[in-house]
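Peer 1: Quick one: structure below, then a few questions.
The values are calculated or read from the model by the stated rules, or taken from the named source; none is laboratory data. Small disclaimer: the values here were computed from a predicted structure and weren't measured. No Cβ is skipped: glycine too gets one built from the backbone with ideal geometry, and neighbour counts run over all protein chains shown.
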Amino acid sequence: MPPGPSSRSHTCEPLTYASTGSPNRPSSATTNDGLATQTHVAVSTHLWWPPVRSAIEIAEGVRSGAWRAVDVLDECLAAIAARNPVLHAFVVVDPDGARQAAEAVDARAARGEDPGPLAGVPFGVKDLYDLAGVATSKGSLLFRDAPPAAADAVDVGRLRGAGAVPIGKTAVPEFGSVCFTASPAWGVTRNPWDPTVTPGGSSGGSAAAVAGGMVPMATGGDGGGSIRIPAAWTGLVGLKPSFGRIPYPDNLASQTDTKGVLVRTVADAARHLDITCGPDDRDRTSLPHPGLCYEALLDTLDVSGLRVGWSPDLGYAVVEPEVEAIAEEAAHDLVKAAGLPWHPIAVTLTDPVRVWLGSGSLDLYQELERGMWPDRGGELHPVNRYNLTQADLLTPAQVARV
């Protein structure tokens, strides 16, 4: 079996694997887009991955002294070493930085201080966003050897301040451009429920890490389904909040991406949002604090008087009949449990995909540094290479109409 991460001191280690027959890293039988002609991959389907405790269970246990943050960390590092060679959810782990953070949490608890609402909770950071001391590769060969980030992204810093322990970076497709997770830089990420299929994307590494029982929580971002798709494909709770609810000063020009999270429980998602929401002066689109506690509202919010509308396709989407039937059954169960009236409605919206794809192609220029395109275009995933080639042909008038 390919080795797990080593434990060299003061290093953030890319997770490297043997090149022959590896299910995780492009081999000689794998094309540069990270999508393999991997005929030698041998993985078992329908595996069962013992879950870690929920984020809230861990935090309350650490706060009460029932267990130590370093022991929780060791459990997660052991799970990564055992499962990541099959799933390839993490691309880089920082065991030393994580241990320092966990020890600091334990030290605060030992002094009788409250170590925070996410005390000792290990979490993964989607590799489109910054984690201090670790490079942000964006799933691209162009940035795989980038220098370490100087500071945390806003949401990562708020989680760290609440006692959570960042453990490493999770896999993404290059620049988060597609709905499956495979990249030229890191290879193919696999679904914990069936490693022969994808966990979705672009937050696929985060989804595989949580669904695979490596960590209880991982950050995500969603512009066109990048949290919702992996959550649906791996059986998780995926929360894409309202735009601006979690500050994102480095958002791209299209302003479509929204920070969020993948977890196992709704309560964990609520606590995450309580910690990460609120304005930041660096983000002009960030919203004021809502003045409420999302976690408390899970038990206290009065939904009486609300009506539920249901549209299977919003008037434009092509929906697989089996998926539609499953989704509608789940919606009926939810509405029944809430005691609300059901109102099937006809919704007719224009197809947003053309606009989203057009603006996303232009966003790629923001991701690249001078001299990368077209000079190093051969190192890009074919989808991004095609999008940039087409974007080069756009006139200013066409851009204005996107």
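Peer 1: Restricting the stretch 129-151 to residues that are aliphatic (A, V, I, L, M) and farther than 24 Å from GLY163 by Cβ, which is surrounded by the most Cβ atoms within 10 Å (Cβ to Cβ)?
Peer 2: Keep residues of the stretch 129-151 that are aliphatic (A, V, I, L, M), which gives 131-132, 134-135, 141-142, 146, 149-151.
Those still in the list that are farther than 24 Å from GLY163 by Cβ too: 135, 141-142, 146.
Numbers: ALA135: 20, LEU141: 19, LEU142: 22, ALA146: 14.
Here the residue is LEU142.
Peer 1: Can you name the residue in the stretch 363-402 that is charged (D, E, K, R) and surrounded by 15 or more Cβ atoms within 10 Å (Cβ to Cβ) and, of all such residues, is nearest to ALA253 (Cα to Cα)?
Peer 2: ASP363
Peer 1: Take the stretch 253-269 and flag every residue that is outside any strand (DSSP E or B), buried (at least 20 other Cβ atoms within 10 Å of the Cβ) and not charged (D, E, K, R).
Peer 2: ALA269
Peer 1: Being assigned to a loop (DSSP other than H, G, I, E, B) and modelled with pLDDT under 95: is that true of SER304 here?
Peer 2: yes
Peer 1: Determine which member of the set GLY205, GLY213, GLY200, GLY221 is under 16 Å from the mean Cα position of the chain (by Cα) and part of a strand (DSSP E or B).
Peer 2: The conditions single out GLY221.
Peer 1: Among (1) at pLDDT 90 or above; (2) under 25 Å from TRP233 (Cα atoms); (3) part of a helix (DSSP H, G or I), where does GLY360 come up short?
Peer 2: (1)
Peer 1: Return yes when VAL178 is at pLDDT 95 or above and either assigned by TED's automatic domain parsing to the domain that holds THR198 or farther than 26 Å from GLY224 by Cα (or both) and no when it is not.
Peer 2: No; evaluated as a whole, the condition is false for this residue.
Peer 1: Also: Please work out which one of (1) over 30 Å from SER140 (Cα atoms); (2) free of Cβ contacts under 8 Å to residues at least 24 places away in the same chain; (3) touching a helix residue (DSSP H, G or I) at 6+ places or on another chain (Cβ under 8 Å) is the condition PRO374 fails and give its number.
Peer 2: For PRO374, the failing item is (1).
Peer 1: Taking the stretch 331-356, which residues are surrounded by 10 or more Cβ atoms within 10 Å (Cβ to Cβ) and closer than 15 Å to ALA317 by Cα?
Peer 2: VAL347, LEU349, THR350, ASP351, PRO352, VAL353, ARG354, VAL355, TRP356
Peer 1: Restricting to the stretch 281-313, count the residues that are surrounded by 16 or more Cβ atoms within 10 Å (Cβ to Cβ) and over 21 Å from VAL335 (Cα atoms).
Peer 2: Total satisfying the criteria: 3.
Peer 1: Identify, please: which residue in the stretch 78-105 is surrounded by 20 or more Cβ atoms within 10 Å (Cβ to Cβ) and charged (D, E, K, R) and is, among those, farthest from ASP152 (Cα to Cα)?
Peer 2: ARG83
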